[in-house]
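Everything on this sheet refers to the single structure shown next.
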Amino acid sequence: MYQEKEHVQCLIIGSGPAGYTAAIYAARADLKPVLYTGIVPGGQLTQTTDVENFPGYPEGIMGPAMMEDFRKQAERFGTQIRFGYATSVDFSQAPHKVVIDEIKTITADTVIIATGATAKWLGLPSEQKYNGFGVSACAVCDGFFFKNQEVAIVGAGDTAAEEATYLAKLCSKVHMLVRRDEFRASKAMQRRVLNTANIVIHYNTETQEIVGDGLNVTGIRVVNNKTQEEKVIDVSGFFVAIGHKPNTDIFKGWLDMDETGYLITKSDSTQTNIEGVFACGDAQDKIFRQAVTAAGTGCMAALEAERYLAAKEYETVI
């Protein structure tokens, strides 16, 4: 069916901090890794501007530039980096099969999944226009840039509540936009929000447009979905906290995942339920979702892949 075939020791799917870090460690272990970048080489960080919370960059760095550094370091140790994306897998037996771009079959002794996750957006044109210029999907990543300023956050679940209270420690005022007349967050998280003095909750409120001066966000136009009253709230930052979708659809039926699609790994490990298949980064982390934690799990995945192959080689010898 597929004309092109190739066998590798270590196949890495994805090219964010997790994938590139896995590549660095796997290459240094002489696993001769092959990495496929996915549709967005460099992952979510290529769609951000300043990154100031990754160790080793005291002056900060632009997200795309940081991912370029990661790529160069992975290539320096011999990683083959290729543009392409995985379209299907077959983990029924070893070696594992992964189809790239629907035309090439790779068989691999080990597979490291670093496909990441994609933030859910409201779908407003102005949201994408000002993405990185006042619009963000990560309060922990970008909240610092809005210190002592007024911001808004949209969402009603635990993540939105947690990020709102985080922003409240940095910002002068946080406008929390809740579409319905109640939260979806747990009672404990609701209490944290309600007991934070500088969080103003706007119930039954939907965002119509993000207002800006052409360079940065200056406010948001909202509407009360019960009274139809419209108003503009002056803010310099707009945070979207309506969830993330892990990029794991092709692994359904093969790998254990939770109800939202995050891959489930063994405790203190990146090992999935399939021997020789490891998952790292935002594809399996719905809690922290930081570049530095993704890089850490990428390191873990490569080390575990190396140990897995060493154990298999030992079994063959004896």
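Every number in this text was worked out from the coordinates using simple rules, so none of it is lab data. As the structure is a computational prediction, the values presented were derived from the model and not from experiment. A quick note on method: Cβ atoms are made from the backbone with ideal geometry, for glycine too, and the neighbour counts reach across all protein chains shown.
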>> Mean-square fluctuation check for the chain, GNM, Cα pairs under 10 Å: which of ILE153, ILE250, ILE113 is largest?
In response: ILE250
> What is the Cα centroid distance between region 270-304 and region 170-232, reported in whole angstrom?
Replying inline: 34
> Where in the chain are the DSSP H helices whose C-alpha atoms run 15 Å or more along the long axis and whose mean Kyte hydropathy is at least 0.0?
Replying inline: 17-28, 291-317
> With contacts defined as alpha carbon pairs under 8 Å and 6 or more residues apart, what's the relative contact order of the chain in percent?
Replying inline: 20
> Top mean-square fluctuation among GLU209, GLU304, GLU150, Gaussian network model of the chain, C-alpha springs under 10 Å?
Replying inline: GLU209
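Magnitude of the Cβ-charge dipole of the chain, K/R +1 and D/E -1, about the Cα centre, nearest 20 debye?
Numbers: 30 positive and 39 negative charges, 82 e Å.
Roughly 400 debye, rounded to the nearest 20.
State, as an integer percentage, the relative contact order of region 121-240 based on alpha-carbon contacts under 8 Å between residues 6 or more apart.
Relative contact order comes out at 31 percent.
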> Once fully extended, how much extra length lies between SER92 and LYS129, figured as 0.36 nm per residue of separation less the alpha-carbon to alpha-carbon distance?
Replying inline: 8.9 nm
> Which pairs, out of LYS72/LYS169; LYS72/LYS173; LYS169/LYS231; LYS104/LYS266; LYS173/LYS245, put more than 32 Å between their alpha-carbon atoms?
Replying inline: LYS72/LYS169; LYS72/LYS173
> For GLU230, what charge total do you get from the other residues with a beta carbon under 13 Å from its beta carbon, if Lys and Arg give +1 and Asp and Glu give -1?
Replying inline: 0
> For region 121-240, what does the alpha-carbon gyration tensor say about shape, rounded, prolate or oblate, given a ≥ b ≥ c as the root eigenvalues, a/c under 1.5 as rounded, and a/b over b/c as prolate?
Replying inline: oblate
> How big is the Kirkwood radius of the chain, worked out from every pair of different alpha carbons and given in Å to one decimal?
Replying inline: 20.9
> Which cysteines does the chain leave without a neighbouring Cys Cβ under 4.7 Å?
Replying inline: CYS10, CYS171, CYS280, CYS299
> Does a label point 7 Å from the Cα of GLU182, set along Cα-to-beta-carbon, have any residues of region 197-212 with amide nitrogen under 14 Å, and which are they?
Replying inline: 204
> Projected onto the charge dipole of the chain (+1 at Lys/Arg Cβ, -1 at Asp/Glu Cβ, origin at the Cα centre), which of ILE81, ALA139, ALA94 gives the Cα projection farthest towards the positive end?
Replying inline: ALA139
>> Can you pull out the chymotrypsin sites (Phe, Trp or Tyr not before Pro) in region 232-313 whose DSSP state is coil and whose Cβ has at most 15 other Cβ atoms within 10 Å?
In response: PHE288
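Using helices alone, what [θ] at 222 nm do you get for the chain, with -39,500 (n - 2.57) per DSSP H run of 4 or more residues, divided over all residues and rounded to the nearest 500?
Numbers: 7 runs with 83 residues, N = 318.
Mean residue ellipticity at 222 nm (helix-derived): -8000 deg cm²/dmol.
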>> Which one, GLY155, MET189, VAL240, projects farthest toward the positive side of the charge dipole computed for region 121-240 from Cβ point charges (K/R +1, D/E -1)?
In response: MET189
> Which one of GLY42, GLY212, GLY155 has the biggest mean-square fluctuation once the chain is modelled by GNM with Cα springs under 10 Å?
Replying inline: GLY212
